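Structure record follows, encoded as structure tokens.
The values are calculated or read from the model by the stated rules, or taken from the named source; none is laboratory data. All figures in this text were calculated on a predicted structure; none of them were measured in a lab. Cβ coordinates were reconstructed from backbone atoms using ideal geometry, including for glycine residues, and neighbour counts include every protein chain displayed.
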Amino acid sequence: MPVRRLDPILIDRIAAGEVVERPASAIKELVENAVDAGARRIAVRIESAGRALIRVSDDGCGMDADDLALAIERHATSKLPHGDLLDIATLGFRGEALPSIGSVAWLDITSRSAAADRAHAVSVDAGIASPVRPASRGPGTTVEVRDLFGATPARLKFLKSDRAEASAVADALRRLAMANPAIHLSLEGTPAIGFDYLACGEDDEGRLTRIAQIVGDDFVDNALPLRAERESSDGEGVAATGFVGLPTFHRGTRDGQYLFVNGRPVRDKLLASALYAGYMDHIPQGRFPVVALFLACGSRAVDVNVHPAKAEVRFRDANLVRGLVVSAIRDALSGALHRASTRGGARTLDAIGARSFGHGYRAPPRPAGGWDPRRSAGAPAGYGPRSGDGPSVGGFAEPAQASFASEPSADVRVHEPAATPAVADEDAPLGAARAQFHETYLLAQTHDGIVIVDQHAAHERLVYERMKRARAEGGIGRQMMLIPAVVELPPDVAAVLLDEAEALAGLGLGLEPFGPGAVAVTEVPSVLGDADVLRLVKDLAEVIKADGVALPLERRLDHYLATMACHRSVRAGRRLLPDEMNALLREMERTPGSGQCNHGRPTYVELKLSDIERLFGRR
């Protein structure tokens, strides 16, 4: 078969397959053009999730008749004034979007430059362009796309439902809105996901306001500011700014991760990997942090021309960028110390409300005969209803709740002399210890609420951070065992464990082979004290076998330390003295990451006094 040139319209349709994958792709390209045109207000309207209609109107610089005629030609662009693909300072630059969209749909563009006395319009129907004609419009540009993929109906079969496509449109626009807080951006035509984001300032406060518009106020309450900068060997600087969520504020997907490079929304594997490394051992497996991260660097330090839809980038110094992001996240999390997500208290109220009041916090109806004696059976004297009491609330006398009425394991009430020094601790972030209940949880009082602490989870994190610091500062202290402990394991497991003997020795755990399927423990980290060595070694063997040795050494060492810390921690079921409880609270306040345990679960929840008052109907 002879070689031949493809038809220009067919070429455009092939390009459309790369650039215009779905309605969201077309809208992203059109809105990026509006941003590059200096628009301060962009309005987007869609019908049938963009299949039937896409309309993007802006108040940007607009185009005159000559520019309008060129804009629909392939590889015609105003974004490369010097023709240098290594110096790209705009979002769009390929010159493919408009002709590609026009090759698979009906395209109409009306535009007027600020200096012109009239607007002009041009239409493209399935790749066939009309002459430029006069039109009526104020300064700016309006682009209408109708019957998307009408010229290539086979592509319609690959689109998802209207709801899914509209959701993709909204997500693409939200990312552009987050990158450009000074632009007023709106989406109409889909009431369920439509929005109208008013313009905000371009400073950190304005950016945080825009993030709140998109992600929600709860992220603002659980966000940590991030700011870091590094310089490469050739003097090229890279800066990272933005906000990262607390480790206990996470989601089940990556949808809450907003990544930008020089104002361009990206989904980059390098940055995703850096986020994972930055949150390592702070977040549960399978969960993802909520992040708004903005990277700024010289145009020559990043290649944005590696993907047709400009969704990926390639950094000239990838290691520099990754190291910057990882260290910036870790510094931000370290500065948070003990802070945990504010949603912990809300979840606690939901759990109490569902258990005690039923869903929706509706009090059950009052029995016809007044107070129900069966409901108050077993209640302490003096806790029955008084004349004029409102409707009773059931659930507190049920057998499953009876344990809350028992004597606390340690009572640290204010009127006891031993607890008097703790009164001043009420002004501390985690308050003053008041009691231990179920020999597992601590109850502390703050000046405006209460804090409930999981003693094992909290101490586990403290020991873990202590061991990490010791390792970084020169080594973990160790103690020789008078009589080596022999641990019997399956031969394959023992072999895997001994393969990691050198790494474990650096953590203070000495292992030697002791015949087939057995190891001898000769040294243990001194911080572990009288931990169960046999159980510890078996747990480490399970961790090593499950993880393998393909993980980076630092990640493996942290995982081993986390396993050791779990064995040294204050166990559930151990009674604590008042001084021990308060000492635990104070150390939590000083320790980075103590708001969550080594597995990423919260170590405490806080209830404000106003929340408790609402729980009892006082508000």
**Prompt:** Here is a list of conditions, (1) without any contact (Cβ under 8 Å) to a residue 12 or more places away in the chain; (2) crowded, with 24+ Cβ neighbours inside 10 Å, and M467 meets all of them except one; can you say which number that is?
**Reply:** (1)
**Request:** Taking A311 as the residue in question, decide whether it is out of contact with any Asp or Glu (no Cβ under 7 Å at 6 or more places or on another chain), closer than 29 Å to V20 by Cβ and surrounded by fewer than 18 Cβ atoms within 10 Å (Cβ to Cβ).
**Result:** yes
**Request:** Might you let me know whether segment 204-221 holds any residue that is more than 20 Å from the chain's Cα centre (by Cα) and of a type in the set (F, W, Y)?
**Result:** no
**Prompt:** Which ones in segment 218-246 are under 15 Å from M178 (Cβ atoms) and not polar (S, T, N, Q)?
**Reply:** F219, V220, A223, L226, G242, F243, V244, G245
**Message:** Out of everything in segment 135-179 that is in contact with a strand residue (DSSP E or B) (Cβ under 7 Å, 6 or more places away or on another chain) and among the polar types (S, T, N, Q), what residue ends up being nearest to A37 (Cα to Cα)?
**Reply:** T141
**Message:** Against the definition (over 25 Å from A97 (Cα atoms), modelled with pLDDT of 90 or more and either touching a Gly at 6+ places or on another chain (Cβ under 6 Å) or not in a loop (DSSP other than H, G, I, E, B) (or both)), how does L259 come out, yes or no?
**Reply:** no
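Being charged (D, E, K, R) and more than 23 Å from R461 (Cα to Cα) is the filter; apply it to segment 225-256 and report the residue that is modelled with the lowest pLDDT.
Among those that are charged (D, E, K, R) and more than 23 Å from R461 (Cα to Cα), it is D234.
The rows are residues; the columns are (1) assigned by TED's automatic domain parsing to the domain that holds L173; (2) within 31 Å of the chain's Cα centre (by Cα); (3) crowded, with 24+ Cβ neighbours inside 10 Å; (4) polar (S, T, N, Q).
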position: K28; (1), (2), (3), (4): yes, yes, yes, no
position: V31; (1), (2), (3), (4): yes, yes, yes, no
position: A39; (1), (2), (3), (4): yes, yes, yes, no
position: A49; (1), (2), (3), (4): yes, yes, yes, no
position: R55; (1), (2), (3), (4): yes, no, no, no
position: G62; (1), (2), (3), (4): yes, no, yes, no
position: E73; (1), (2), (3), (4): yes, no, no, no
position: S78; (1), (2), (3), (4): yes, no, no, yes
**Request:** Say whether the condition of being part of a strand (DSSP E or B) and free of Cβ contacts under 8 Å to residues at least 40 places away in the same chain is met by at least one residue in segment 287-299.
**Result:** yes
**Unmet criterion (only one of (1) closer than 16 Å to L68 by Cβ; (2) at pLDDT below 90; (3) not in a loop (DSSP other than H, G, I, E, B)) for G95** = (3)
**Complete:** Of the residues in segment 258-279, those that are farther than 13 Å from L293 by Cα and of a type in the set (S, T, N, Q) number 1
**Message:** I'd like to know if segment 438-458 contains one or more residues that are more than 33 Å from the chain's Cα centre (by Cα), over 19 Å from H567 (Cβ atoms) and not small (G, A, S).
**Reply:** yes
**Message:** Need the failing condition index for T522 against (1) surrounded by 19 or more Cβ atoms within 10 Å (Cβ to Cβ); (2) modelled with pLDDT of 85 or more; (3) among the polar types (S, T, N, Q), just the number.
**Reply:** (1)
**Prompt:** Which of (1) under 22 Å from L584 (Cα atoms); (2) not in a helix (DSSP H, G or I) is the odd one out, the single condition L507 does not satisfy?
**Reply:** (1)
